[in-house]
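Presented below is the structure to which this report refers.
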Amino acid sequence: MIVIHAGFLAYEMGASRAKNVLASGIKNILAFAFIVPTFFFFGWWIYLAFPGGITVADAAADGLPWAQKMGPNLADNATGIFWGAFALFAATTASIMSGAVIERIRMTGFIILAIFLGSVVWILGASWGWHPSGWLTTEYGFHDVGAAGCVHLIAGAFALGVLINLGPRIGKFNADGTANEIGGHNMPMTVIGLMLIIVGFFGFLGGCIIYVNGGQWTNIYGQPTTLSAFSFNTLMGFCGGLIGAWVKTRDPFWMMSGGLVGIISAAAGLDVWYPPLAFAIGFFGAFMAPIVAKMVEKAGIDDAVAAVAVHGWGGLWGVIACGLFASGYPNINDMPPVSLMGQLIGASVFLALGFGSGFFLSLVLKMFGLLRVPPNSEILGLDKTKVPLAAYPEGLRAMPAE
Amino acid sequence: MIVIHAGFLAYEMGASRAKNVLASGIKNILAFAFIVPTFFFFGWWIYLAFPGGITVADAAADGLPWAQKMGPNLADNATGIFWGAFALFAATTASIMSGAVIERIRMTGFIILAIFLGSVVWILGASWGWHPSGWLTTEYGFHDVGAAGCVHLIAGAFALGVLINLGPRIGKFNADGTANEIGGHNMPMTVIGLMLIIVGFFGFLGGCIIYVNGGQWTNIYGQPTTLSAFSFNTLMGFCGGLIGAWVKTRDPFWMMSGGLVGIISAAAGLDVWYPPLAFAIGFFGAFMAPIVAKMVEKAGIDDAVAAVAVHGWGGLWGVIACGLFASGYPNINDMPPVSLMGQLIGASVFLALGFGSGFFLSLVLKMFGLLRVPPNSEILGLDKTKVPLAAYPEGLRAMPAE
Amino acid sequence: MIVIHAGFLAYEMGASRAKNVLASGIKNILAFAFIVPTFFFFGWWIYLAFPGGITVADAAADGLPWAQKMGPNLADNATGIFWGAFALFAATTASIMSGAVIERIRMTGFIILAIFLGSVVWILGASWGWHPSGWLTTEYGFHDVGAAGCVHLIAGAFALGVLINLGPRIGKFNADGTANEIGGHNMPMTVIGLMLIIVGFFGFLGGCIIYVNGGQWTNIYGQPTTLSAFSFNTLMGFCGGLIGAWVKTRDPFWMMSGGLVGIISAAAGLDVWYPPLAFAIGFFGAFMAPIVAKMVEKAGIDDAVAAVAVHGWGGLWGVIACGLFASGYPNINDMPPVSLMGQLIGASVFLALGFGSGFFLSLVLKMFGLLRVPPNSEILGLDKTKVPLAAYPEGLRAMPAE
């Protein structure tokens, strides 16, 4: 699953202009670096603490950083593995935001935002809706086995909130409000990066299945499932997304992004879809994503890698699709079955949680002057002003594409 | 195993000239995208249907797209995983052809060819010779545990058939029939891509071993084997290939390609080789591959990445090597033992199946004008005429190498 | 674990100047190619032979290249897997040295050095201190579960010995002894390569845990441990390293190198650290590494990728840290417990073994004129003089960075 982060690194550096390549790389690496320890100190505790909503569960004691389970312990071969998987999911949420805000965000503000998103906000959402006894599931039958909602919808909504306060890159919009295309410096690197992210997502989704001793695989809600179902539907959702975006755009950046949208769109119901339905859900999600991206741009928001459309929209659609096509699927232990209403409630909660926290936190950072680099740094390029190293020391002649 | 496809993507884009980079990437991605659903709808059915040759087996009912096994099913944790692995093998066959035909094939024609190769042709071959009751094995003792024949030989032969009808790139051959070298735009990207393909092949070959409940690993023919054997011989074949190609060429493109040839050469008998023999078989395969490539070129055929030599020759040699050095190895259930004659029969069947179908299908596409882009598109570059995006938006100054 | 080698390849090519890119790639690939077969013929035998020091153990017979266990053997599913993992570790030691000596070493001399390091020197160290009955452990309680000492310290010390005889690249040092920075040609490629190395290291370290039938995981010394401990401490050590190097340098090359230092620093005691301690050990290791690199440079030694600082220092610190913070940890079977003295003895033995063999072997090669390319090859670039292929056939305009 770590390969996701090699992918995000390549993706984000490729999508930056040559003058900002290394600054984007540093930012991406630092998000990972700060989330892991903070996820140790309080992220995992939050997950265990809040499945009931805002009251602290007894089980949270196992997630305190001095708890016996939070370290080598010969009687416990599981906690570190779950913690590690969740920490990598946490870093993924931060990487989602990280791409959207490149080329003008201040490092300090970014790190604070990344820590909050990765070690507080999404994991609170996960505690509510991606936990065997999260209240969204116990009370409304919420179903999202592949974390489309708590990872992607929350991260995309959080990014949207941040982007509003951060503002567009200089040169993105003209005086009349029309938008310019700001290309990265290396599309092949971006496209290969996306493919590596997708490689990692197969591990990520495989990591959403839990093997219970006694010989049965289950999803995170304790419902029985199979690896077979995950294999079918991840591949079919991915390819539906690739083709949906290709039909709409013919653009390789959108094709690979669409593949990711397809995986996310199918993620919530990976355990239940008939595979051609997973394909169709992925197709629709990816076909719509460029339209969503255009709407975001029309609203004057500069999302450098379309993270809001890919992850925010993809996650939203994935959660809703589960309500449309898997309504009635039973839960264990007298919990209510899957329903459209339950999915809409879950989606609304995640949307509000992600957007609200991203918006308000970035607003506070803006007030303290920690959100955005000065205009001259942005124009000169962040590499020149912040990084003691050149991306291409022997030069890479930058000239306008013909 | 998905990492193979990240590798093919990097490899193929690196091997394209700058004017065709993204078009090559799109083509590669689309092959994957179309094969997965078609492999769901009919590819897997073909595998189950035709082990007897041309009569349909009863077991084929389990592969119909509406069969219970073709979707989430709590009583079946295996089908989706096998289907997924085979679908990825299918996409690999298409990627093999994909590299050979870059920089001048039409997208429509390519997709049709890719679907036929990936979801019909190779899987029919697999049903015959890479199946517990395939007729090549039950009647002739055919042995090819690592799919050198059905994947590589068929894909290489299919590519050869297509290349004949497709014709060389403009500028490849001079009026007097001599050939020019057409380099890609980024050799490091190509070499790293090849390395990623090889990383994935270790997974691919590991995926050729099946764990039978009761504690024994077997190959696809049901013969007992060990992971240990696969580990020894994959590594030794790989390194034999690296060194064989290095001795012959000193060229890093050929070294990495040779490593792949080495793996393919040793693949058919991965379960039986004494490791130094796997090394020698890999060495010989890779030493010969550049010679085969030169012969292909001398015949006026423009194979942009030497797919015919690497995969076609490598697969052929791998299958034959099993007859030369593993003759007499017993099969289970009264099937005849491995023999040189059986291997030659298998190789001939695959060669005819691959070459014949590639040749005739591309001939038909050519008659309908679907095979090749117009000359002016080819000269201008496919990115400019087909892709709404530049590979290097800030420019990457293209100038003749000194 | 093979992905480590895709990473080293990208890393080393990115860190080379454009004129030496492919020569660096070839060198890296050849090290791998020659180590695997030599590790089959004598490397594995050395490991089994010398745990007692210099007397040959009876068990060594199982490692002779004609032994039954050294090939497919239905009664043994383990040897090939262990051998394969160790062979990849061996190739890693050579890759560590490989980066340090780029842009001026002769291919013949390099291959000889790589074979000795990978198939003789480090594996002798492993036999002494990374083996269930290695004398360093049985007599001094030496503890190094993640191979920080035998892999990293030995390889870094060996590289140092070689660099002294090899001498600096032309232009590295001025007449007055001050050093110039010689950048690579593609920092993003280098940074992504480092990230792929790290991806692979998670597999590498996972490969240091052994599953014993009966349901208990153990480390290589037979002490019980858990995957959970490895997951916690690998991630925490990695992030401590990233942040330590960032605090010190703000440089993305050093950040990723620092992440690696962090993993190496925490490796010796992966099974015992309280995770925040692993973070701190990684932080300190990575914070110090650039200082060590500067000291190496001040001594007039040109280590192109800081391998001595990253691997040599990281491995040394990792081994010592185990003596400082895990003193008293018990060993099985009446072996002495972990102690600072035992760790210092182990570190000294590895340092002497690595440095001594690297220094003397390279001295001999130098006397025979096999160590360094002629100055005009070095100035023109090794690609032009040694490689029948251009890295960027369409040109990549090389100009001094502004």
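Of the residues in segment A:221-234, how many are within 20 Å of A:F86 (Cα to Cα) and touching a helix residue (DSSP H, G or I) at 6+ places or on another chain (Cβ under 9 Å)?
Selection size over segment A:221-234: 4.
Which condition breaks for A:A67 when tested against (1) part of a helix (DSSP H, G or I); (2) more than 20 Å from the chain's Cα centre (by Cα)?
(1) is the only condition that A:A67 fails.
Among the numbered criteria (1) farther than 28 Å from C:I102 by Cβ; (2) touching a Gly at 6+ places or on another chain (Cβ under 7 Å), which one does C:L205 miss?
Here C:L205 meets the rest and fails (1).
With the structure loaded, tell me whether A:A49 is without any contact (Cβ under 8 Å) to a residue 60 or more places away in the chain and under 21 Å from A:I210 (Cβ atoms) or whether it fails that test.
On the way: without any contact (Cβ under 8 Å) to a residue 60 or more places away in the chain: no; under 21 Å from A:I210 (Cβ atoms): yes.
So A:A49 fails the test.
Filter segment A:332-358 for residues that are touching a residue at least 24 places away in the same chain (Cβ under 8 Å), assigned to a helix (DSSP H, G or I) and not small (G, A, S) and give the result.
A:M341, A:Q343, A:L344, A:I345, A:V349, A:F350, A:L351, A:L353, A:F355 - these are the residues of segment A:332-358 that are touching a residue at least 24 places away in the same chain (Cβ under 8 Å), assigned to a helix (DSSP H, G or I) and not small (G, A, S).
Any idea which of A:L371, A:L324, A:L380 is among the hydrophobic types (A, V, I, L, M, F, W, C) and surrounded by 19 or more Cβ atoms within 10 Å (Cβ to Cβ)? Talk me through it step by step, then tell me what you get.
Numbers: A:L324 fails: surrounded by 19 or more Cβ atoms within 10 Å (Cβ to Cβ); A:L380 fails: surrounded by 19 or more Cβ atoms within 10 Å (Cβ to Cβ).
Just a single option satisfies the conditions, and that option is A:L371.
Polar (S, T, N, Q) and assigned to a helix (DSSP H, G or I): is that true of C:S362 in this structure? Don't jump to the end; show me each part of the working.
On the way: polar (S, T, N, Q): yes; assigned to a helix (DSSP H, G or I): yes.
Considered against the rule, which asks whether it is polar (S, T, N, Q) and assigned to a helix (DSSP H, G or I), C:S362 comes out as yes.
Being in contact with a strand residue (DSSP E or B) (Cβ under 6 Å, 6 or more places away or on another chain) and more than 30 Å from A:G14 (Cβ to Cβ), is that true of even one residue in segment C:173-189?
Here is the first cut: in segment C:173-189, the residues in contact with a strand residue (DSSP E or B) (Cβ under 6 Å, 6 or more places away or on another chain) are C:173, C:179.
Of the ones still in play, those that are also more than 30 Å from A:G14 (Cβ to Cβ) are C:173, C:179.
So far as segment C:173-189 goes, yes, one or more of its residues are in contact with a strand residue (DSSP E or B) (Cβ under 6 Å, 6 or more places away or on another chain) and more than 30 Å from A:G14 (Cβ to Cβ).
Any residue in segment C:82-101 that is surrounded by fewer than 24 Cβ atoms within 10 Å (Cβ to Cβ) and not in a helix (DSSP H, G or I)?
The answer is no; no qualifying residue exists.
Going through segment B:305-338 one residue at a time, which ones are polar (S, T, N, Q) and under 20 Å from B:G282 (Cα atoms)? Steps first, answer last, please.
Of all residues in segment B:305-338, those polar (S, T, N, Q) come to B:327, B:331, B:333.
Listed by number, the list holds a single entry, B:S327.
Is it the case that B:L361 is closer than 24 Å to B:G262 by Cβ, surrounded by 15 or more Cβ atoms within 10 Å (Cβ to Cβ) and under 21 Å from the mean Cα position of the chain (by Cα)?
Criteria not met by B:L361.
Check segment A:203-210 and report whether any residue there is facing another protein chain (nearest Cβ under 10 Å), in contact (Cβ under 8 Å) with a residue 24 or more places away in the chain and closer than 20 Å to A:F89 by Cβ.
At the first step, the residues of segment A:203-210 found to be facing another protein chain (nearest Cβ under 10 Å) are A:203.
If we keep only those that are in contact (Cβ under 8 Å) with a residue 24 or more places away in the chain too, we end up with A:203.
Subset that is closer than 20 Å to A:F89 by Cβ: A:203.
The answer is yes; a qualifying residue exists.
Could you check, for segment A:25-34, whether at least one of its residues is surrounded by 20 or more Cβ atoms within 10 Å (Cβ to Cβ), among the small types (G, A, S) and in contact (Cβ under 8 Å) with a residue 40 or more places away in the chain? Let's see the steps before the verdict.
From segment A:25-34, those surrounded by 20 or more Cβ atoms within 10 Å (Cβ to Cβ) are A:25-34; that's our starting set.
From what is left, the residues that are among the small types (G, A, S) are A:25, A:31, A:33.
Those left that are additionally in contact (Cβ under 8 Å) with a residue 40 or more places away in the chain: A:31.
Yes, that holds for at least one residue.
Residues that are at pLDDT below 95 and within 10 Å of chain B (Cβ to nearest Cβ): which helices (runs of 4 or more DSSP H) entirely in segment C:1-55 hold 1 or more of them?
Working: elements: C:3-14, C:21-38, C:44-49.
So the answer is C:3-14, C:21-38.
Any chance segment B:368-386 includes a residue that's of a type in the set (V, I, T), within 14 Å of chain A (Cβ to nearest Cβ) and within 28 Å of the chain's Cα centre (by Cα)?
Within segment B:368-386, not a single residue is of a type in the set (V, I, T), within 14 Å of chain A (Cβ to nearest Cβ) and within 28 Å of the chain's Cα centre (by Cα).
Take segment A:190-235 and flag every residue that is in a helix (DSSP H, G or I) and over 17 Å from A:H5 (Cα atoms). Write out each step before concluding.
If we filter segment A:190-235 for residues that are in a helix (DSSP H, G or I), which is where we start, we get A:190-206, A:227-235.
Matches in segment A:190-235: A:L227, A:S228, A:A229, A:F230, A:S231, A:F232, A:N233, A:T234, A:L235.
Whether any residue in segment A:366-373 is touching a strand residue (DSSP E or B) at 6+ places or on another chain (Cβ under 9 Å) and assigned to a helix (DSSP H, G or I) is what I want to check.
yes
Determine, yes or no, whether A:G328 is out of contact with any helix residue (DSSP H, G or I) (no Cβ under 6 Å at 6 or more places or on another chain) and modelled with pLDDT under 95. Give the derivation first.
On the way: out of contact with any helix residue (DSSP H, G or I) (no Cβ under 6 Å at 6 or more places or on another chain): yes; modelled with pLDDT under 95: yes.
In short, yes.
Please verify whether segment A:123-130 includes one or more residues that are within 14 Å of another protein chain (Cβ to nearest Cβ) and in contact (Cβ under 8 Å) with a residue 60 or more places away in the chain.
So the first thing to find is which residues in segment A:123-130 are within 14 Å of another protein chain (Cβ to nearest Cβ), and the list is none.
Checked segment A:123-130: no residue is within 14 Å of another protein chain (Cβ to nearest Cβ) and in contact (Cβ under 8 Å) with a residue 60 or more places away in the chain.
Of the residues that make up segment B:219-240, is at least one under 25 Å from B:L340 (Cα atoms), among the hydrophobic types (A, V, I, L, M, F, W, C) and within 17 Å of the chain's Cα centre (by Cα)?
Yes, segment B:219-240 has at least one match.
If you go through segment B:256-264 one residue at a time, do you hit one that is touching a Phe, Trp or Tyr at 6+ places or on another chain (Cβ under 6 Å), closer than 25 Å to B:I81 by Cβ and at pLDDT 95 or above? Break it down into steps so the answer makes sense when it comes.
Of all residues in segment B:256-264, those touching a Phe, Trp or Tyr at 6+ places or on another chain (Cβ under 6 Å) come to B:259, B:262-263.
Remaining after also requiring closer than 25 Å to B:I81 by Cβ: B:263.
Subset that is at pLDDT 95 or above: B:263.
So far as segment B:256-264 goes, yes, one or more of its residues are touching a Phe, Trp or Tyr at 6+ places or on another chain (Cβ under 6 Å), closer than 25 Å to B:I81 by Cβ and at pLDDT 95 or above.
Just to be sure, is A:S339 under 23 Å from the mean Cα position of the chain (by Cα) and among the polar types (S, T, N, Q)? Walk me through it before giving the result.
Numbers: under 23 Å from the mean Cα position of the chain (by Cα): no; among the polar types (S, T, N, Q): yes.
Answer is no for this residue.
In the list A:F116, A:F142, which residue meets the criterion of being under 30 Å from A:G269 (Cβ atoms), part of a loop (DSSP other than H, G, I, E, B), modelled with pLDDT of 95 or more and aromatic (F, W, Y)?
Residue meeting the stated conditions: A:F142.
The values are calculated or read from the model by the stated rules, or taken from the named source; none is laboratory data. If you're wondering where the values come from, they're calculated on a predicted model, not measured in any experiment. Quick reminder, even Gly has a Cβ in these numbers, built from the backbone with ideal geometry, and neighbours come from all protein chains shown.
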